[in-house]
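Undergrad: One structure is given below, represented as structure tokens, and several questions about it will come after.
Throughout, read-outs are computed from the coordinates displayed, never taken from laboratory work. All values derive from a computational prediction rather than experimental measurement. Please note: Cβ atoms are built from the backbone with ideal geometry, for glycine as well, and neighbour counts cover all protein chains shown.
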Amino acid sequence: MSGRIARRFAEIKAAGRAALIPYLTCGDPDAKTFARLLADLPASGADLIEIGMPFSDPMADGPSIQAAGLRALKAGMTLKETLAIVRAFRAQDAATPVVLMGYYNPIFIYGVARFLADAKSSGVDGLIVVDLPPEHDEELCLPALAAGLDFIRLATPTTDDRRLPTVLKHSAGFVYYVSVAGVTGTKSADAQSVAEAVARIRRQSSLPVAVGFGIRTAAQAAAVALSADAAAVGSALVEEVAAHLDAAGKAQPELVAAVLGRVRALADGVRGARRVPA
């Protein structure tokens with residue numbers, strides 16, 4: 001219970017509710033606008049924050065997050081700058097857990113040891129690296145755990161009971177259940193299937209279970225929050241960013257308020273899911 005992620009989930013469990021984990025791509029649509037969004041996410045209802053590390057070939061992501069990554073890269077975002085933005089956020093917020101999500105290639109190019117040291121010193125709490133299976137834990141997972149960073153594994157609808165122990169073996173922080181087969185932002189989560197999957201994971205792990213992919217609305221987030229420990233929402237927020245860009249791809253004045261408003265609505269859905277009507 002020593003890390004920020006464990007502490008935050010303990011607090012949320014004590015409050016009798018689930019958590020909201022919003023995802024945004026770092027530097028989308030530009031570093032300044034993203035930093036403003038990041039700074040205000042906790043006050044808008046984010047319990048943990050997932051930050052996408054922009055990459056040119058994000059194979060697990062659908063069109064919306066792919067486009068966000070390309071916008072961020074075009075605006076000059078790098079992995080070094082991503083860590084600098086997290087460091088600036090952490091100087092103002094010592095409590096909200098930050099998880100970096102992305103792909104191994106940028107980390108490999110940066111240098112694993114250097115990346116882990118810089119991530120830890122910047123205030124990163126956990127990593128989700130979608131293209132490194134458990135068979136390659138020595139590449140990044142085990143060094144990350146040794147550096148004090150939670151390595152968060154993905155389980156999917158195709159992760160059967162024979163495979164699940166392998167996935168869970170070195171998982172830390174929480175388990176991220178991908179509620180739909182395929183890439184982000186293309187299908188909707190089914191609440192009954194999610195509840196069954198969460199129960200199956202809990203039979204093999206004491207870690208909190210967050211559910212992502214396929215959650216777009218407050219009602220969907222609330223349905224997931226009835227069974228899961230957290231609802232993670234990405235594509236819907238990234239699309240909100242895209243909807244408030246001008247013809248040149250620049251942020252319009254209302255972008256920040258619109259995205260944070262969407263986060264607040266999702267947070268209300270998650271936090272109200274388990275309330276018993278008076």
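Undergrad: Fewest first, what order do Tyr176, Tyr104 take by the number of other Cβ atoms within 10 Å?
TA: So the residues, fewest neighbours to most, are Tyr104, Tyr176.
Undergrad: Sorted by mean Cβ packing within 10 Å, highest first, what order do the peptides 90-98, 36-44 take?
TA: Numbers: 90-98: 15.6, 36-44: 18.0.
Going by the mean number of other Cβ atoms within 10 Å, highest first, we get 36-44, 90-98.
Undergrad: If you look at just the Cα atoms of segment 50-109, how large are its Rg and its Dmax in Å?
TA: Rg then Dmax for segment 50-109, in Å: 12.1, 33.
Undergrad: Between beta-carbons, use under 10 Å as the cut-off and find the net charge around Ile128, counting Lys and Arg +1, Asp and Glu -1.
TA: Neighbour charge sum, excluding Ile128 itself: -1.
Undergrad: Taking every DSSP beta bridge that has both residues in the chain, what percent is antiparallel when rounded to the nearest 5?
TA: 5
Undergrad: Among the lysines, select those whose C-alpha is under 25 Å from the C-alpha of Lys80, and discard any that sit fewer than 8 residues away in the same chain.
TA: By straight Cα distance, Lys80 reaches Lys32, Lys120, Lys250.
Undergrad: Then there's this: Where does the Debye-calculated log10 I(q)/I(0) of segment 131-248 sit at q = 0.11, 0.12, 0.16 Å⁻¹, using only Cα point scatterers of equal weight, no solvent?
TA: -0.40, -0.47, -0.78
Undergrad: Highest mean first, what order results for 156-165, 106-115 on Cβ atoms within 10 Å?
TA: Packing proxy ranking, top to bottom: 106-115, 156-165.
Undergrad: Can you tell me what percent of all Cα-Cα pairs in segment 200-278 are more than 13 Å apart?
TA: Cα-Cα pairs in segment 200-278 separated by more than 13 Å: 70 percent.
Undergrad: Compute the distance from the alpha-carbon center of segment 207-278 to that of segment 41-111, in whole Å.
TA: First find each Cα centre; the distance between them is then 17 Å.
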